[in-house]
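No lab work stands behind these numbers, since they all come straight from the coordinates. Bear in mind the structure is a predicted one, so any value in this text is a computation, not a measurement. Note that each Cβ is placed from the backbone with ideal geometry, even for glycine, and that neighbours are counted across all protein chains shown.
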Amino acid sequence: MHHMETIDWKNLGFGYRKADYNIRCWYRDGKWGELEVSDSEQVTMHMAATALHYGQEAFEGLKAFRGKDNKVRVFRMDENAKRLRNSANGIMMAPVPEDLFMDAIRKAVKMNEKYVPPFESGAALYIRPLLVGTGPQIGVKPAEEYLFMVFVMPVGPYFKEGFKPTDLVIYREYDRAAPHGTGIYKVGGNYAASLQAGTRAHKEGYSAVLYLDAKEKKYLDECGPANFFGIKNNTYVTPKSTSILPSITNMSLRQLAADMGMTVEERKIPVEELAEFEEVGACGTAAVISPIKRVYDADIDKEYTYGKEPGVVSQKLYDKLRAIQYGTEPDPYGWTEVIE
Ligand SMILES: *Cc1c(COP(=O)(O)O)cnc(C)c1O
């Protein structure tokens with residue numbers, strides 16, 4: 001029995017919700033097959049699949065937005081395609097060709113178009129592509145069979161009570177990724193490694209952990225699932241590190257900051273520099289920017305505080321990027337694609 005569910009667009013959170021269809025593609029005998037459409041939420045795979053034992057799993061996260069003009073736009077999916085290819089190569093999985101990736105996204109959005117929230121709601125359609133090693137191995141080696149999938153769900157605006165600053169915490173006893181390890185790839189293993197610290201941070205009232213570089217514990221790395229940036233003297237500063245995931249939001253904000261006449265620096269940021277920033281934020285697809293009002297360094301009981309309201313630069317960057325995503329301002333770099 002099928003009934004049209006009425007979705008309360010204004011009160012969506014960020015949680016799994018079933019849409020009608022998902023897209024799948026198998027890699028077998030050394031080549032990718034055709035895109036398949038499924039209405040099942042289940043995946044069947046061999047119990048010795050490498051994804052289950054040796055962590056051969058990578059994913060992506062991006063969004064589609066419905067504009068005032070009712071058009072549905074996907075943001076920078078070519079960059080997600082490149083990044084998934086990089087993650088696949090990084091953990092020895094069959095890379096998904098970029099055209100195949102983008103066709104799967106277009107199809108997943110098109111077929112679930114009724115789940116793309118209305119413009120006024122501030123909500124969006126979250127798109128989750130994933131690539132898993134499904135072929136069996138018991139010796140530690142890459143699988144010979146892979147499944148690439150794309151599923152979608154409507155998600156609410158990240159800031160239900162408005163664009164509000166939160167707190168971060170630094171703990172030196174946990175690392176999420178090692179220098180020259182897998183931190184630069186969007187793989188599940190990094191998330192497993194971040195669960196202990198992340199759960200503790202939430203329990204203690206912080207929105208996320210701000211990790212330091214694992215080797216020296218001297219420099220800022222990133223915030224669990226988001227990149228870090230600081231603003232001072234008309235400069236946008238973000239960490240350069242071999243253990244952080246290159247965020248597409250961060251890349252976009254660097255461009256917008258430069259366009260606003262700011263200096264942009266990608267370099268090592270010593271922890272102590274937290275005292276010099278006028279504004280700090282976390283950035284990623286989920287929220288675009290999460291402004292930060294306080295960073296607490298738990299090991300030395302020291303706090304760095306910022307405004308209780310979002311800073312002017314963060315607000316400007318946030319508004320500009322959202323306007324491009326929703327099609328209310330021109331998109332000079334062709335970051336969005338309208339799904340026809
Ligand atoms: C996905 C992710 C980000 C954010 O990247 P966006 O492309 O901006 O969404 C940042 N850090 C980590 C560890 C991530 O997995």
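Which of these, D20, D213, D99, has the largest mean-square fluctuation under a Gaussian network model of the chain (Cα springs below 10 Å)? Answer for the Gaussian network model of the chain: D99. The stretch 83-144 and the stretch 145-206 have Cα centres spaced 18 Å apart. Only the Cβ atoms of Lys and Arg (+1) and of Asp and Glu (-1) were treated as charged; on that basis the dipole of the stretch 166-325 about its Cα centre amounts to roughly 380 debye.
Is it possible to state the helix-based mean residue ellipticity at 222 nm for the chain, with each DSSP H run of 4+ residues giving -39500 (n - 2.57), the sum divided by total residues, to the nearest 500 deg cm²/dmol? What is it? Theoretical 222 nm ellipticity from helices: -7000 deg cm²/dmol.
Only the Cβ atoms of Lys and Arg (+1) and of Asp and Glu (-1) were treated as charged; on that basis the dipole of the chain about its Cα centre amounts to roughly 140 debye. Loop-located GluC sites (Glu not before Pro) across the stretch 173-282 with a Cβ neighbour count of 13 or fewer within 10 Å are E173, E204, E216, E276, with loop assigned by DSSP. For A49, neighbours were defined as the other residues whose beta-carbon sits under 10 Å from its Cβ, and their charges (Lys and Arg +1, Asp and Glu -1) total -2.
Using the Karplus relation 6.51 cos²θ - 1.76 cosθ + 1.60 with θ = phi - 60°, the per-residue 3J(HN,Hα) values for the stretch 138-143 come to 10, x, 7, 7, x, 5 Hz, with x marking Gly and Pro.
The ellipsoid equivalent to the alpha-carbon distribution of the chain has semi-axes of 32, 26, 18 angstrom, derived from the gyration tensor eigenvalues as √(5λ) and listed largest first. Taking other Cβ atoms within 10 Å as a rough exposure proxy, D221, D167 sort from fewest to most as D167, D221. Annotation: amide H-H contacts under 5 Å for L210 (H modelled 1.01 Å from N, sequence separation of 5 or more, or interchain): V169, I170, Y171. As a rough footprinting exposure proxy, the listed residues C25, C283 were ranked by other beta carbons within 10 Å of their own, and the order from fewest upward is C25, C283. Cross-link partners of K82 among lysines, defined as those whose alpha carbon lies under 18 angstrom from its own and excluding same-chain residues fewer than eight positions apart: K63, K186. Where both residues lie in the chain, what percent of DSSP beta bridges are antiparallel, nearest 5? Counting DSSP beta bridges with both partners in the chain, the antiparallel share is about 80 percent. Summarising the overall dimensions of the stretch 166-325 from its C-alpha atoms, the Rg and Dmax are 14.5, 41 angstrom. Comparing A323, A124, A298 in a Gaussian network model of the chain where C-alpha atoms under 10 Å apart are linked, the largest mean-square fluctuation is found at A298. Could you run the Debye sum over the Cα atoms of the stretch 4-155, one equal point scatterer each and no solvent, and tell me log10 of I(q)/I(0) at q = 0.17 Å⁻¹, two decimals? Debye intensities relative to I(0), on a log10 scale: -0.94. Taking every alpha-carbon pair under 8 Å whose residues sit at least 6 apart, the stretch 109-222 reaches a relative contact order of 20 percent.
Pairs of Cα atoms nearer than 8 Å and 6+ residues apart set the relative contact order; for the stretch 216-311 it is 29 percent. Dividing the convex hull volume of the alpha-carbon atoms in the stretch 296-340 by its residue count gives 138 Å³ per residue.
My understanding is that a pair violates if its Cα-Cα distance is over 25 Å; which of K215/K268; K71/K293; K71/K320; K215/K302 do that in this structure? Check vs 25 Å cut-off fails for K71/K293.
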